[in-house]
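First the structure, in the form of structure tokens, and then the observations on it.
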Amino acid sequence: MSEKKIIAVIGATGAQGGGLVRAILADPSGGFGARGITRNLESDNAKALGELGAEMVRADLDDVESLTAAFSGSHGAFCVTNFWEHFSPEKEIEQARNLATAAKASDVHHVVWSTLEDTRKWVALEDDRMPTLMEHYKVPHFDAKGEADRFFTEGSVPTTLLRTSFYWENLIYFGMGPQRGEDGVLAFPLPMGDKKLPGMASVDIGKCAFGLFQRGDEFIGKAVGIAGEHLTGAEMAAELTRALGETVNHFPVSFDAYRAFDFPGAEDLGNMFQFKHDFNEDFTTARSVEFSRSLNGDLLDFRGWLAKNGEQIPRH
Ligand SMILES: NC(=O)c1ccc[n+]([C@@H]2O[C@H](COP(=O)([O-])OP(=O)(O)OC[C@H]3O[C@@H](n4cnc5c(N)ncnc54)[C@H](OP(=O)(O)O)[C@@H]3O)[C@@H](O)[C@H]2O)c1
């Protein structure tokens, strides 16, 4: 009979949850089992995880009963929502409420909720240093997650609030990498002035979450933050220059210019960078690299991430 502690993983087919499922399956002690949760058991990602040894089950963040069934009998649950699929903070809050309700109903022993700060605790809505978005938010994809923390904490769900960092993969998949200027030189547009941006390999979020589950009850009822390295835009550009073998200059775009970019979510991200810049000490202090490494011995710094992934960064 299996004595494994099952971790039910939301977002198993995605970046954060996928890192966790793979970390559980690769653990030589074998003390934990992975239950990957997806809306589509037939997707290539879902099938690949099944072949690796994960139990794959279907559930939807919009359907609390499906979540309760998917969490049933599990020791732990990793909970994440995907703002960028719908761009609705209200929907994200509702999905987080469903996760907390399901975790409570199925008596999960330890939840790790992947969250971010409610920036309105630092910048009131009437503070006009940055625009208010969608009437109620400063950084919608942060504020919704932070607002939803209370469903876990006030609902007495045994939870670790896990504050994550900027994925360096954004340089590959999110159009945030270096852009070639008219002079032919690569410029790395990062609206952080001379302040440090905590960043990490997205896969390390799952590995750190696994560390939290492995440490037993130590972090239940606590908020923790993780990052692989804190770097300024100029420091990131220097590492990019080294990895790509050609000059990359940091281009410290203004927050207003970033907010005016023509892509969905530009205002949200412009406000996000301004929040990280204006409250840099609080934001970086909340994400200790040393602590992250204590959870995950494989934690990558930016140079290590570039050595593995640098070739995928577009250079046009
Ligand atoms: N990009 C960054 O720098 C960064 C940094 C920190 C935090 N974040 C946050 O990370 C979150 C996204 O996480 P990710 O990057 O791991 O996602 P991802 O790689 O885009 O994958 C999304 C995952 O969410 C699952 N999912 C989405 N809607 C669902 C629903 N209704 N029911 C069940 N599962 C659902 C998908 O599962 P199926 O499709 O298989 O059902 C998939 O596994 C966002 O909220 C973002 O704000 C991003």
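Of note:
- Where the Cα pairs of the range 203-316 fall when distances are cut into 5 Å bins, in %: 2, 10, 15, 16, 19, 19, 11, 5, 2, 0
- For the range 82-186, accessible area per residue (1.4 Å probe, heavy atoms of protein chains only), Å²: 43
- Protein heavy-atom surface of the chain, 1.4 angstrom probe: 49% of the accessible area is carbon and sulfur, with nucleic acids and ligands not counted.
- Residues whose placed amide H lies under 5 Å from that of LEU190, excluding near-sequence neighbours: PHE251, VAL253
- DSSP bridge analysis restricted to the chain gives an antiparallel fraction near 15%, rounded to the nearest 5.
- With both residues required to sit in the range 172-316, DSSP beta bridges show an antiparallel share near 55%.
- Modelled label reach - SER88, point 7 Å along Cα→Cβ, the range 48-70 residues with backbone N closer than 16 Å: 60-64
- Per-residue [θ]222 nm for the chain (sum of -39500 (n - 2.57) over DSSP H runs n ≥ 4, rounded to 500): -12000 deg cm²/dmol
- Couplings 3J(HN,Hα) for the range 113-119, derived from phi with the Karplus relation 6.51 cos²θ - 1.76 cosθ + 1.60 (θ = phi - 60°), are 9, 7, 9, 9, 5, 7, 5 Hz, where x marks Gly and Pro.
- Per residue Cα convex hull volume in Å³ - calculated over the chain: 133
- Across the range 1-152, C-alpha contacts under 8 Å between residues 6 or more apart give a mean separation that, scaled by the residue count, equals a relative contact order of 20 percent.
- Here the Karplus curve 6.51 cos²θ - 1.76 cosθ + 1.60, taken at θ = phi - 60°, turns the phi angles of the range 221-229 into couplings of x, 10, 10, 10, x, 9, 7, x, 6 Hz, with x standing for Gly and Pro.
- Whole-Hz ³J(HN,Hα) from phi, Karplus 6.51 cos²θ - 1.76 cosθ + 1.60, for the range 251-261, glycine and proline x: 10, x, 4, 6, 4, 5, 5, 5, 4, 8, 4
- Distant-in-sequence amide contacts of ASP60, defined by a placed amide H-H separation under 5 Å and a gap of 5 or more residues or a different chain, comprise SER66, LEU67.
- Rg/Rh, computed from the Cα trace of the range 11-60 with Rh as the Kirkwood radius, has the value 0.95.
- Once C-alpha pairs closer than 8 Å and six or more residues apart are averaged by separation and normalised to the residue number of the chain, the relative contact order reads 17 percent.
- Under 17 Å from the LYS4 label point (7 Å along Cα→beta-carbon), backbone N, the range 30-63: 30-38, 46-58
- Between GLY228 and GLY199, MET200, ALA201, the built amide H atoms are under 5 Å apart, and every one of these is 5 or more places off in sequence or on another chain.
- For the range 232-276, alpha-carbon Rg over 2.2 N^0.38 Å: 1.35
The values are calculated or read from the model by the stated rules, or taken from the named source; none is laboratory data. Bear in mind that the values here come from a model prediction, so they are computed numbers and not experimental data. Glycine gets a Cβ as well: all are built from the backbone with ideal geometry, and neighbour counts include every protein chain shown. Protein only, heavy atoms only, side chains kept; ligands, DNA and RNA dropped before computing areas. Shrake-Rupley method; radii C 1.70, N 1.55, O 1.52, S 1.80 Å.
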